[in-house]
There are 2 protein chains.
Amino acid sequence: MQEGCTVNLTVKYIARKWTMLILLELYKGEGHVRRFSELKSCLGEITQKVLSARLRELEKEGLIENRVDKTTFPVKSEYILTESGLEIINIIKDMKRWALKWKISNIECGCQDCSQCVL
Amino acid sequence: MQEGCTVNLTVKYIARKWTMLILLELYKGEGHVRRFSELKSCLGEITQKVLSARLRELEKEGLIENRVDKTTFPVKSEYILTESGLEIINIIKDMKRWALKWKISNIECGCQDCSQCVL
DNA sequence: GATACCATGCAGGAAGGATGCACCGTAAAC
DNA sequence: GTTTACGGTGCATCCTTCCTGCATGGTATC
């Protein structure tokens, strides 16, 4: 493996702030779909600009797809997990299993009810 | 899931430059062990300082262990993958399978003989 | 004193991310 | 005709994190 290898690059953008949160929000959505504005409000502190940038990135990498419905009143822009994206979610789930096994005492997780986390 | 969640934090330090390469070098070593100086020369361009920092980090996170042999001539410092570290390697392998499935055309990987990559 | 091995401290610079503001297009509602 | 909701883009600035290079430190053997 090298720096620049696909695995390396993938891990790198997954690790960027907001990326996993966005993937998870899509995963939670009905049919793994969410609108731009839904994501915006779910994620709270994220700015439009950053959200837009992350979505572009994930789209470019093929983890999500963008479906724009121009027939509706204000434009409706939906994002949906692709098959590839769903498989990444599974890998993230493996990471969670690992974390629960080896890092039980984690404070942030400890504060939350892990059963509420979809992962 | 939140920022600050174990999964998030883990992905974050795994994504840091050199971290995966170091884990892989340990994985390749006999008994999953490597000396500081071996890692240094395997990884080529890494500086002692960064290598040292990454190893500290991985040790703190429980993915590797440090065994120092002070009885020898110059000190001998060995690093070994823990059980937890080995399981992370498996997750990274899953990522590779995913990458091979969805990102076949990756240039960097294409230049190399993937069969030579231990992942 | 030179060398091998392992490591840390400081300083500079690049990259990533947050923030603020302005701006585009559409179409419905007022 | 102006405002509003929706989904964006472009530019500029700031701050923090990360990476790198260079110097320095300890120890113990030769």
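The values are calculated or read from the model by the stated rules, or taken from the named source; none is laboratory data. Just so it is clear, the model here is predicted, and its values are computed rather than measured. Positions of Cβ are generated from backbone atoms using ideal geometry, with glycine treated the same way; all protein chains shown enter the neighbour counts. The protein model used for the area step is the full one, side chains on, heavy atoms only, and it has no ligands, DNA or RNA in it. Shrake-Rupley method; radii C 1.70, N 1.55, O 1.52, S 1.80 Å.
The table below lists the values:
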quantity	calculated
Cα-based helix-to-principal-axis angle, B:19-28 vs chain B, degrees rounded to 10	70 degrees
Position A:Ile80, label points 7 Å along Cα→Cβ, spacing to each other copy in nm (shortest first, one decimal)	5.1
Cα gyration tensor shape of segment A:6-93, rounded if a/c is under 1.5, else prolate or oblate by comparing a/b with b/c	prolate
Using a 7 Å Cα-to-Cβ projection, A:Tyr13 label spacings across copies, nm, ascending	2.6
Formal net charge of residues neighbouring B:Val50 (Cβ-Cβ distance under 13 Å; K, R +1; D, E -1)	+3
Listed residues B:Val75, B:Val50, B:Val33, most fluctuating in chain B (Gaussian network, C-alpha, under 10 Å)	B:Val75
Nitroxide proxy distance, nm - points 7 Å out along Cα→Cβ at A:Thr71 and A:Gln2	4.9 nm
10 Å Cβ neighbours from other chains, averaged over peptide A:10-20	5
Per residue accessible area of segment A:6-93, 1.4 Å probe, in Å²	50 Å²
Helical mean residue ellipticity (222 nm; -39500 (n - 2.57) per DSSP H run of 4+; nearest 500) of chain B	-16000 deg cm²/dmol
Loop trypsin sites (Lys or Arg not before Pro), segment A:41-99, which have at most 14 other Cβ atoms in a 10 Å radius of their Cβ (DSSP)	A:Lys70
Loop-resident sites, segment B:6-107, for GluC sites (Glu not before Pro), counting at most 13 other Cβ within 10 Å (DSSP)	B:Glu45
Other copies of A:Ser37: label-to-label distances in nm, shortest first, labels 7 Å along the beta-carbon direction	6.6
Between helix A:48-60 and chain A: long-axis angle, C-alpha atoms, 0 to 90°, nearest 10	80 degrees
Number of Lys pairs (Cα under 26 Å; 8 or more positions apart or on different chains) in segment A:6-93	28
Length-normalised contact order of segment A:6-93 in % [C-alpha pairs under 8 Å, at least 6 apart]	29 percent
Percent carbon-and-sulfur accessible area, chain B, ignoring ligands, DNA and RNA, probe 1.4 Å	52 percent
Nearest-to-axis residue of chain A, judged by beta-carbon position, where the axis maps A onto B, in Å	A:Ala15, 2
Buried accessible area, chains A and B (both chains, 1.4 Å probe, Å² to nearest 100)	4000 Å²
